[in-house]
Amino acid sequence: MDSIEPFDIVIFGGSGDLAMRKLLPALFRRHREGHLPQQGRIIGSARSQLSREAFIEHAEQACRANLPDDEFDDDAWADFAQRLTFASVDAHDSDSYANLAEAMAPANERVRVYYLATSPNLFVAICHNLASAGLVTAQSRVVLEKPLGHDLASAQSISEQIGEVFNEDQIYRIDHYLGKETVQNLIALRFGNTLFEPLWRRDWISDVQITVAEQMGVEGRADFYDATGALRDMVQNHVLQLLCIIAMEPPTSIDADAVRDEKIKVLRALQPLRGRDALQNTVRGQYQAGAISGQPVAGYTEEEGVPPDSRTETFVAVRADLATWRWADVPFYLRTGKRLQERTAEIVVNFREVPHAIFDTSMVNGNPNRLVIHLQPDEGMRLHIMAKARGDEMTLRPVSLDLDFGETFEARQADAYERLLMDVLRGRLFLFMRRDELYAAWEWIEPIMEAWASAADDPKPYTAGTWGPAASSALLGRDGRSWHEES
Ligand code: BG6
């Protein structure tokens, strides 16, 4: 394992939700487990004039609230708190960076991680002001949270301006889905076994389905969400990254660029969806009032801060096709949405029917082989195979080989952010998006956004607590397929 050198992590947006809910608890866990070197400081930074003590108190409350009871103890906290300090910085005010310089002095030779957990419209100002204040060294890294732009041009503009300060290998573009354990297990499954690779192609696979379903609504993020929508918020990044891992060719090594070179080929092979093609192969929906787990919930346009005439989609389903030898004619059905029936993220690989059926249909009860990869809420994989049911008759029915990662591996399950933060400290870029990947994803998404913007119709309504609009089932129904929905 690569060692971690002495570091300073500066969290911009240091008193915000992401820092408090994910980043500080993640760092505390790793501190408690002895994974961080003694010389490692964590500097919260925000515009507010917080004292160091007030910041530590806020962080302590957040860690207590966001970690299981048995993962918090006072001694470890007292020790961890020594690492913490706070610097008040106004992103646009270059003079205020002197506060940060003071907090970081004198350790110039340390690894410096600038984690930008702020609104993206501050990214460029922060990077330039860091450079002007002399705070960017060869050992510095910057971590960028999504959204990185709202279309191709804005993504390019942000990247180019940040590129004036940081080299590409100093830039860590986070997609927290890549930090999920099962996503990495998918890489292990595909490239650590001989079993699947020969089957992983159009000859044996009929279609792939990727579902990321949430029960949550917009949860106080109406301003952001209404300007963004599900396509930009989830498909452009998380869902396409999952698609890349499923569809990419075996990389020559696990090095960051070897993997990213293969992922970008997938993004470039996506058949463009423009105009009518986009409208025919996508479904957008918007939730109406309904019930989640038996509790009534409001419709999207009734949520606080959402304009009553909003046309923003809270649900998307897409049929994507890849123009490659491996995947020609294998549809990838993607869907994601808020206020859906269940919280689940899964990838379903459906295999083809047997080429020659010796059992007649009365003897076969069920579907052909299917591999289901669960990302959440539970992590695991399930391979459905056909077996003979007990009894005198030769009747076949599907049974499953289950692998539950929670049960199989004793180690505690790391949060995605925890894993990614450790990778940043170790200087491992393999799970982060390269600039060209970001552009390629936008290039595919943009024509869909344009087709929707010029379409006369609104997103299709769906009742909160269902699986989305009926048109989503029809999208697969016309190909003689249906979504995998297993309760
Ligand atoms: C974020 C989106 O990137 O991912 C949110 O902005 C979404 O809208 C979240 O809720 C989902 O992440 P997870 O890990 O809870 O599935």
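The values are calculated or read from the model by the stated rules, or taken from the named source; none is laboratory data. This one's a predicted model, so the numbers in the text were calculated from it and none came from an experiment. Heads up, the Cβs are rebuilt from the backbone with ideal geometry, glycines too, and the neighbour counts pull from every protein chain shown. Surface accessibility is based on the protein's heavy atoms, side chains included, excluding ligands, DNA and RNA. Shrake-Rupley method; radii C 1.70, N 1.55, O 1.52, S 1.80 Å.
At-a-glance table
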{"quantity": "Residue 286 long-range amide H proximity, modeled H, under 5 Å", "calculated": "314, 460, 462"}
{"quantity": "Karplus-derived HN-Hα couplings along the stretch 82-93 (A = 6.51, B = -1.76, C = 1.60, θ = phi - 60°), whole Hz, x at Gly and Pro", "calculated": "4, 6, 8, 8, 9, 10, 7, 9, 9, 3, 8, 9"}
{"quantity": "In Å², nearest 10: area of residue 64 left accessible to a 1.4 Å probe", "calculated": "110 Å²"}
{"quantity": "Per-bin percent of Cα-Cα distances, the stretch 338-487 [10 Å]", "calculated": "8, 21, 30, 26, 13, 3, 0"}
{"quantity": "Surrounding net charge for residue 41, when Lys and Arg each add one and Asp and Glu each subtract one, Cβ distance under 11 Å", "calculated": "+2"}
{"quantity": "Spin-label model distance (nm) - residue 93 vs residue 252, 7 Å beyond Cα toward Cβ", "calculated": "5.2 nm"}
{"quantity": "Amide hydrogen neighbours beyond the local backbone of residue 364, cut-off 5 Å, H modeled", "calculated": "396"}
{"quantity": "Gyration tensor verdict on the stretch 1-137 (Cα atoms; rounded if a/c is under 1.5, prolate if a/b is larger than b/c, oblate otherwise)", "calculated": "prolate"}
{"quantity": "Gain on full stretching of the segment that runs from residue 460 to residue 356 - 0.36 nm per residue minus C-alpha separation", "calculated": "33.3 nm"}
{"quantity": "Relative contact order (%) - the chain, alpha-carbon pairs under 8 angstrom, separation at least six", "calculated": "18 percent"}
{"quantity": "For residue 42, distant residues with modelled amide H under 5 Å away", "calculated": "9, 84, 85"}
{"quantity": "Residues residue 276 and residue 39, FRET efficiency given R0 of 51 Å [Cβ-Cβ distance, rounded to 0.05]", "calculated": "0.30"}
{"quantity": "Carbon and sulfur %, accessible surface of the stretch 370-487 computed with the full protein complex present, 1.4 Å", "calculated": "50 percent"}
{"quantity": "For the chain, the Rg and Dmax computed from alpha carbons only, in angstrom", "calculated": "23.9, 84"}
{"quantity": "Separation of the residue 389 and residue 168 label points, Cα + 7 Å toward Cβ, nm", "calculated": "5.6 nm"}
{"quantity": "Gyration tensor verdict on the stretch 81-201 (Cα atoms; rounded if a/c is under 1.5, prolate if a/b is larger than b/c, oblate otherwise)", "calculated": "prolate"}
{"quantity": "Rounded accessible area per residue of the chain, 1.4 Å, Å²", "calculated": "45 Å²"}
{"quantity": "Cα-based Lys proximity count in the chain, under 26 Å, for pairs eight or more positions apart or on separate chains", "calculated": "11"}
{"quantity": "Per-residue HN-Hα couplings for the stretch 435-442 [Karplus 6.51, -1.76, 1.60; θ = phi - 60°; Hz; x = Gly/Pro]", "calculated": "4, 5, 5, 4, 5, 4, 5, 5"}
{"quantity": "Per-residue ³J(HN,Hα) for the stretch 12-20, Karplus 6.51 cos²θ - 1.76 cosθ + 1.60, θ = phi - 60°, Hz, x for Gly and Pro", "calculated": "6, x, x, 10, x, 4, 5, 4, 6"}
{"quantity": "Extreme residue, positive dipole direction of the stretch 156-260, given options 189, 240, 179 (C-beta unit charges)", "calculated": "189"}
{"quantity": "Whole-percent carbon and sulfur share, accessible surface of the stretch 1-70, 1.4 Å", "calculated": "43 percent"}
{"quantity": "Computed [θ] at 222 nm, deg cm²/dmol, the chain (DSSP H ≥ 4; -39,500 (n - 2.57); rounded to nearest 500)", "calculated": "-9000 deg cm²/dmol"}
